[in-house]
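Beneath this line is the structure, given in structure tokens, with notes to follow.
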Amino acid sequence: MASFTHIFILSTGRCGSMSIVEACRFMENYTAAHESRCRMIGDERLNYPSYHIESDNRLSWMLGRLDERYGDKAFYVHLRRDRMATATSFTKRWGPFSIMKGYSEGILMSKDKSLDVCLDYYDTVTSNISSFLKDKTHTMTIHLEEMKTGFENLWEAIDAKGDLDLALQSFDTPQNTSQERGSLKSTLNRKLFTLKHKIRDAID
């Protein structure tokens, strides 16, 4: 049995939020998903199954509702990346449904697509998450720059069961990079990685 029924990975995005979910899929006692309920509204938006790990940067705008529903019972991970590196990555993400477009036009009421807007988004979301976590008992910060070490600590903290070695190896295949946006490369890499090890296990 897992130690926590719900684990939330909170972040700005562009910091390994998909990669960590791919690694979590090697856990046997938790399910894991990325933005799995982002199109839901009302109670269904935060209606996650038990023993589940969810990574969704849009939760940073729903922290009040998240607190009301899960409060101090859940385990929270603050996934972070260098400020400038994160903002620079966001300068390449201005698609129709991008969080940066929503932030610039919907929150700031501007059409500014500058690096400064991306830095402002980073600071706002990081502050939101940090404030939310102040009174939470079960928390952890993981930095993208030290992802494997942080993930090992998470594995232990939530009493995960499964193949930790394969989970750590999965970080060697980055997910959803700017270069791969709009292509199938990231998905195929993950599927090939998983298939390779399933074949290996069958042979062994």
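Is it the case that Ser60 is at pLDDT 95 or above and closer than 18 Å to Thr141 by Cβ?
Yes: the conditions hold for Ser60.
Restricting to the range 8-33, and then to whatever is in a strand (DSSP E or B) and within 11 Å of the chain's Cα centre (by Cα), can you tell me which residue is farthest from Thr124 (Cα to Cα)?
Ala32
Glu152 versus (1) assigned to a strand (DSSP E or B); (2) over 28 Å from Ser98 (Cα atoms): which is the lone unmet condition?
Status for Glu152: all satisfied but (1).
I need every pair where a residue in the range 116-137 that is in contact (Cβ under 8 Å) with a residue 40 or more places away in the chain has its Cβ under 8 Å from the Cβ of a residue that is buried (at least 21 other Cβ atoms within 10 Å of the Cβ) and basic (Lys, Arg), sequence separation at least 6 or different chains.
As it stands, the answer is Thr126/Arg80, since those pairs meet every condition given.
In the range 75-88, how many are buried (at least 21 other Cβ atoms within 10 Å of the Cβ), over 14 Å from the mean Cα position of the chain (by Cα) and outside any helix (DSSP H, G or I)?
The qualifying residues number 0.
Would you be able to tell me the number of residues in the range 93-106 that are in contact (Cβ under 8 Å) with a residue 12 or more places away in the chain, part of a helix (DSSP H, G or I) and either surrounded by fewer than 17 Cβ atoms within 10 Å (Cβ to Cβ) or not aliphatic (A, V, I, L, M) (or both)?
Summing the residues that are in contact (Cβ under 8 Å) with a residue 12 or more places away in the chain, part of a helix (DSSP H, G or I) and either surrounded by fewer than 17 Cβ atoms within 10 Å (Cβ to Cβ) or not aliphatic (A, V, I, L, M) (or both) in the range 93-106 gives 2.
Within the range 41-61, restricting attention to residues that are hydrophobic (A, V, I, L, M, F, W, C) and either touching a Pro at 6+ places or on another chain (Cβ under 8 Å) or not in a loop (DSSP other than H, G, I, E, B) (or both), which residue is surrounded by the fewest Cβ atoms within 10 Å (Cβ to Cβ)?
The selected residue is Trp61.
Just one of (1) surrounded by 13 or more Cβ atoms within 10 Å (Cβ to Cβ); (2) aliphatic (A, V, I, L, M); (3) at pLDDT below 95 trips up Ile199, so point out which.
Of the numbered conditions (1) surrounded by 13 or more Cβ atoms within 10 Å (Cβ to Cβ); (2) aliphatic (A, V, I, L, M); (3) at pLDDT below 95, the odd one out for Ile199 is (1).
Could you tell me which of the residues Ser3, Ser36 is in a loop (DSSP other than H, G, I, E, B), surrounded by fewer than 16 Cβ atoms within 10 Å (Cβ to Cβ) and in contact (Cβ under 8 Å) with a residue 12 or more places away in the chain?
On inspection, the qualifying residue turns out to be Ser3.
I want to confirm something. Restricting to the range 155-179 and keeping residues that are part of a helix (DSSP H, G or I) and more than 21 Å from Glu28 (Cα to Cα), which single residue is nearest to the chain's Cα centre (by Cα)?
In this case the residue turns out to be Ser178.
Filter the range 26-66 for residues that are farther than 22 Å from Lys148 by Cα, polar (S, T, N, Q) and in contact with a His (Cβ under 8 Å, 6 or more places away or on another chain) and give the result.
Across the range 26-66, the qualifying residue is only Ser50.
The values are calculated or read from the model by the stated rules, or taken from the named source; none is laboratory data. Note that the structure is a prediction, hence the values are computed from the model and not measured. Note: ideal-geometry Cβ built from the backbone for every residue, glycine included; neighbour counts use all protein chains shown.
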